[in-house]
Every structure is written in structure tokens, then in C-alpha cells.
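Below is one structure; the comments refer to it alone.
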Amino acid sequence: MKAVIQRVKRASVTVDGKITGEVGKGFLVLLGVVQGDTEEEMRLLAKKVAQIRIFTDENDKMNLSLDKVDGEVLVVSQFTLCADVSHGRRPSFIGSAPPDIANELYEKFCEELVAAHGVKKVAKGVFGADMDVELVNDGPVTIIMDTDEWKKK
């Protein structure tokens, strides 16, 4: 699984002119599910997202996690994170998980953030929809996570 985590002051996602998810201070997570991903990767990624310490403390050091700042999370499924651009100029998405598996792991990821890690609010986009995502970056702070890279170490 791949994720781009952006620390935000606020973020929202709109489908067909209607806001389907919005959060205040917290994270916007763009989530890509790769072929072969399992619940094991999903749980590991959810734990890392929930526990990463990228909010500043009273000494202006990145030392606080979501739970310490009452942070919220907006999760948007984004299969384009799985793009292979190694050949030619047109990306290949063959490495993306099939939609039924990707949607299942996306939903479970959102549930895991709340159930296992106590995130107070998790909002979502609409899987497979054409979405407009708005955010106000805080910092900006952007972190890329890839469970395949962690397996190599």
C-alpha cells in the first residue's frame, strides 16, 4: 500500500458538487492499494499513519501525533499512486489492485484508524468517483509511505 500524508489545517472532497467528506486539523491521506496488498499491509499502514509524529509541540518540534492534537483524517482512494512510469510517457496502472480488493482494503483502512487507533473522525471520498479535493496544507508537511519499501528493509 502506498500513502501520501499531508498535514492540513482543513481538507474536503466533493463529488458532483456535493461535499462527501471534510475534516479540520489533521491529515489528508491519499491511499493507493497495490496488487498483492493484504490486511497485514493495511494494518501496518494504518498504525504508522495514526502514530506518526508530525505535529509541532510547544517547542516547535515535530513531536506530536494525531491523538495529541485531536486530529482528524480525510482518506481519498487514489489508484494513480500505483502508476508505473518507467517506460514511455504514459503511466501504466497494471500494478494497482483490482477495484473490489482495493475498495475493501480502503474501507478497512478507514475503519482501522478509528477502531484500533482511536482517531476521532475519519472522513472519506467516494471510491472510484471523479473527486475534487481541496486542502489547506499546514507547513507544508507531506510524507510518503510505502509498505513495499518497508518490506525491503
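The values are calculated or read from the model by the stated rules, or taken from the named source; none is laboratory data. Please read these numbers as outputs of a predicted model, since none were measured by experiment. Cβ sites come from the backbone with ideal geometry, for glycine too, and all protein chains shown count toward neighbours. Remember, those area values only see protein heavy atoms, side chains included, never the ligands or the DNA or RNA. Shrake-Rupley method; radii C 1.70, N 1.55, O 1.52, S 1.80 Å.
Give, as residue ranges, the strands (runs of 3 or more DSSP E) completely inside the stretch 1-83 that count at least 3 residues that are open to solvent by 20 Å² or more (accessible area, probe 1.4 Å).
Per the criteria, 2-15, 18-23, 62-64.
Can you work out which of the residues in the stretch 97-153 that are among the basic types (Lys, Arg) and not in a loop (DSSP other than H, G, I, E, B) is farthest from the chain's Cα centre (by Cα)?
Looking at residues that are among the basic types (Lys, Arg) and not in a loop (DSSP other than H, G, I, E, B), I get Lys152.
How many residues does the stretch 103-130 contain that are open to solvent by less than 60 Å² (accessible area, probe 1.4 Å), in contact with a Gly (Cβ under 8 Å, 6 or more places away or on another chain) and touching a residue at least 40 places away in the same chain (Cβ under 8 Å)?
3
Would you check which residues across the stretch 18-45 are of a type in the set (Val, Ile, Thr) and in contact with a Cys (Cβ under 6 Å, 6 or more places away or on another chain) and list them?
The one that is of a type in the set (Val, Ile, Thr) and in contact with a Cys (Cβ under 6 Å, 6 or more places away or on another chain): Val34.
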